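The values are calculated or read from the model by the stated rules, or taken from the named source; none is laboratory data. Note that this is a predicted model, so its numbers are computed, not measured. A quick note on method: Cβ atoms are made from the backbone with ideal geometry, for glycine too, and the neighbour counts reach across all protein chains shown. The accessibility values were calculated without ligands, DNA or RNA, using every heavy atom of the protein model including side chains. Shrake-Rupley method; radii C 1.70, N 1.55, O 1.52, S 1.80 Å.
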Amino acid sequence: MSELDSSAPFRKLMATAASRRRVMAGGTVTLATFLGFSAPATATAAAVPGPRRAERALLGFAAVPASDADAVTVPAGYATQVLAPWGQPLRAGGPGWRPDGSGSAADQARQIGSHHGGLHFFPYDDGARGNRHGTLVVNHEAADAGLLHPSVRPPVREAHAKSLAAQGVSVVEVRESGDSWRIVDSPRNRRVTGTTPVVFSGPVGTSHPALRTGSAPRGTLGNSAHGVTPWGTYLSCEENVAGHFGTADRNWRPTRTQERYGLSASGHGHPRHSADPRFDLAATPNEPHRFGWIVEIDPHSPAAPPVKRTALGRFQHAGAYVGESGGRAVVIGGDDENGGYLYRFVSADTWRALRARGLSPLDFGTLYAARFEADGSGRWLPLTHGTGPLTAAHGWRDQADVVLRAREAADALGATPLDRPRQTAAAPAGGAFYCALADGPGGGSCGGAGRARTAGPRATNPYGHIVRWHEEAGDAFRWDVFALAGDPAHDAGVDLDGTGMSGSPKGLWFDPDGRLWISTGTSKRAQNKAECGHERLGNNALLVADPATGEIRRFLTGPRGAEITGVGSTPDGRTLFIAVQHPGERTDAWGAPSPDRPNAVSDWPDRDPSGRPRSATVVVRRADGGRVGGA
């Protein structure tokens with residue numbers, strides 16, 4: 001048994017571990033240093049993504065410096081191109097981008113959405129053609145009302161409709177032509193928005209009583225990170241959906257579950273409930289149950305409806321790494337809140353066997369939440385009805401109730417609260433797993449209070465870090481801390497120089513060569529601010545790590561106000577696709593856009609004095625045609 005209660009916040013586990021052994025200076029700061037244990041030799045070897053010659057460095061570029069410029073910067077020898085910016089029509093002849101924001105909701109539903117998030121490139125074949133031609137799928141997490149509309153705001157209902165149309169997912173065929181990539185007219189091109197008809201599958205089916213509202217289910221919202229299945233579909237993660245709901249009914253009071261899921265009468269400042277009773281908590285209390293899921297989209301079947309896979313649980317999905325274990329599908333991702341948990345789903349049979357029987361591997365299996373112990377061990381706790389406290393005697397009706405209230409189920413089992421667990425990734429060829437913990441509440445002007453003061457070896461965690469673990473027999477694992485983000489000038493425990501400093505790691509992705517790409521999302525409250533210890537970290541960035549050595553280098557910096565979110569590549573690794581989200585968003589360092597100056601913070605990428613900043617996908621390639629990031 002652990003010295004601490006097993007559900008103690010991660011920070012307390014780290015503090016207890018650190019008290020046993022003095023942290024040594026130098027080297028990568030890992031939990032092995034804190035705890036005084038050595039990871040098994042097999043685990044260390046597994047973290048290395050296959051053998052490579054010593055003379056060929058995994059990181060083959062000169063790091064770019066931190067920057068506060070309103071630009072995308074990349075290393076010498078690389079070039080960038082903007083692809084699929086917010087507002088570009090899906091097809092030729094479609095409604096064009098209007099720099100003054102005057103396009104309608106109907107226009108927006110036929111254009112690329114806003115706030116680019118997770119993305120993936122699906123090649124059209126396994127040969128050379130697949131490196132030049134395929135389908136690009138991009139998430140759209142939110143819409144900024146100050147940039148979405150013209151200076152004279154439209155009526156509330158029209159504004160609401162346009163916001164719903166700007167979110168969701170874009171699916172477009174893209175092709176390399178000469179020195180650039182472009183969107184191709186194709187029947188595959190489509191938008192999935194906040195009003196698209198959807199279906200539910202798994203323990204909470206479309207007809208489940210918890211989903212009944214008097215109208216058919218529609219829409220996906222808060223589409224943040226993503227995953228890709230072995231059978232070629234795209235998983236879009238719904239996050240931050242609570243802010244879409246509110247009510248003006250003064251008699252409304254949240255239930256325990258609604259409160260646990262962040263629902264409030266204020267709607268986090270979004271007046272959607274005043275435009276649409278669908279989002280009114282008093283009028284339509286079941287509508288929130290329709291959001292907070294992982295949504296499966298078939299990019300090759302434009303007529304197929306998006307499917308919300310409820311066996312994967314309902315929470316703020318901030319990632320959906322999909323892998324295999326003994327042929328079974330495994331999905332791992334975090335619940336992005338202060339005190340959120342790390343979850344794993346394992347299919348009941350091999351995914352091929354389930355699909356051969358006409359069943360989805362994402363509908364049948366076991367959902368788990370992670371518990372971390374101070375001795376470096378860990379265990380996956382099954383969120384299965386009838387197991388432990390998850391029984392009828394304790395108020396749990398069935399498995400549908402468990403996945404609908406996944407957060408409360410994980411609470412009951414004693415999972416370990418973390419500092420905003422975000423995306424997960426696994427090294428190629430069966431290596432270690434990694435999870436980005438974005439940050440914890442910093443207090444004051446640098447961040448608000450969270451549900452719990454959790455995660456990390458710091459008293460507060462304004463920078464975040466990356467946890468690594470190795471799966472063991474059964475449901476056990478061994479874990480450590482791969483890297484602490486931050487600035488050593490403000491935290492002596494950070495073992496990073498100027499080429500690798502960063503804040504708030506959110507996105508993780510391994511390329512086929514085994515480089516770990518780390519995208520950052522420091523909040524608007526802390527970005528570039530000295531009083532928050534971020535004055536040397538610059539704008540949000542994309543970094544690359546060598547998992548074997550722990551070296552981290554900054555590869556790209558983004559424009560002002562932006563986060564760097566999704567990352568993916570063509571199969572040959574010679575074209576990288578990177579999502580730049582909400583450039584020009586208000587920041588405490590740079591100010592706020594206004595109706596008469598929507599580009600006051602940023603005018604990227606158009607550089608149009610009368611326009612507005614636009615989220616976009618950025619294509620990055622080497623001038624010599626080599627593999628991006630390599631030597």
query = What is the gain in length, in nm to one decimal, between Val156 and Ala623 on full extension, counting 0.36 nm per residue of separation less the C-alpha to C-alpha distance?
reply = 163.3 nm
ask   = Going by Cβ distance under 4.7 Å, what cysteines of the chain have no possible disulfide partner?
value = Cys237, Cys435
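Ignoring ligands, DNA and RNA, what percent of the accessible area of the stretch 291-379 is carbon or sulfur (1.4 Å)? Don't skip to the answer; put the middle values down first.
Numbers: 1200 of 2610 Å².
Carbon and sulfur atoms account for 46 percent of the accessible area of the stretch 291-379.
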task = Take peptides 318-325, 357-364, 79-86 and line them up by average Cβ neighbours within 10 Å, highest first, as a rough protection proxy.
result = 318-325, 79-86, 357-364
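Among 334-343, 610-619, what's the highest-first ranking by average C-beta atoms within 10 angstrom per residue? Display every interim value, and only then the final one.
Working: 334-343: 26.9, 610-619: 24.4.
For the peptides 334-343, 610-619, the packing ranking is 334-343, 610-619.
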request  = Just order 620-628, 565-573 by mean Cβ neighbour count inside 10 Å, highest at the front, would you?
outcome  = 565-573, 620-628
task = Calculate the spin-label point distance for Ser377 paired with Ala71, positioning each point 7 Å from the Cα along the beta-carbon direction, and give it in nanometres.
result = 5.4
task = Have a look at Ala128, Thr575, Phe315 and report the one farthest towards the positive end of the charge dipole of the chain, computed about the Cα centre with Cβ charges (Lys/Arg +1, Asp/Glu -1).
result = Phe315
query = What list of whole percents do you get for P(r) of the stretch 260-362, with Cα-Cα distances grouped in 10 Å bins up to the one holding the largest distance?
reply = 13, 34, 32, 16, 5, 0
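Counting only helical runs of four or more DSSP H residues, what would the 222 nm mean residue ellipticity of the chain come to if each run contributes -39,500 (n - 2.57) and the total is spread over all its residues? Walk me through the intermediate numbers first.
Numbers: 11 runs with 71 residues, N = 631.
Roughly -2500 deg cm²/dmol at 222 nm, from the helical runs in the chain.
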note = Residues meeting the amide H criterion for Trp509 (H placed from the backbone, H to H distance under 5 Å, 5 or more places apart or on another chain) are Trp517
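Rounded to a whole number, what % of the accessible area of the stretch 115-166 do carbon and sulfur atoms account for, probe 1.4 Å?
Working: 1070 of 1920 Å².
Carbon and sulfur: 56 percent of the exposed surface of the stretch 115-166.
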inquiry  = Run the numbers for Ala265 and Ser325: contour at 0.36 nm per residue of separation, minus the present Cα-Cα distance, in nm.
reply    = 17.3 nm
ask   = What residues qualify as long-range amide H neighbours of Val481, i.e. H under 5 Å apart, gap of 5 or more or another chain, H built at 1.01 Å from N?
value = Leu31, Ala32, Arg468
inquiry  = Taking volume of the Cα convex hull per residue in Å³ straight from the coordinates, which label in (i) 140; (ii) 184; (iii) 150 is the correct one?
reply    = (iii)
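Report for the stretch 198-309 the percent antiparallel among DSSP-assigned beta bridges with both residues inside it, nearest 5. It would help to have the intermediate numbers written out before the result.
Values: 11 of 15 bridges.
Expressed as a percentage, antiparallel bridges in the stretch 198-309 total about 75.
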ask   = For the chain, what is the accessible area per residue in Å² when the probe is 1.4 Å?
value = 36
task = Using Cα pairs closer than 8 Å and at least 6 residues apart in sequence, work out the relative contact order for the stretch 166-321, in percent.
result = 27
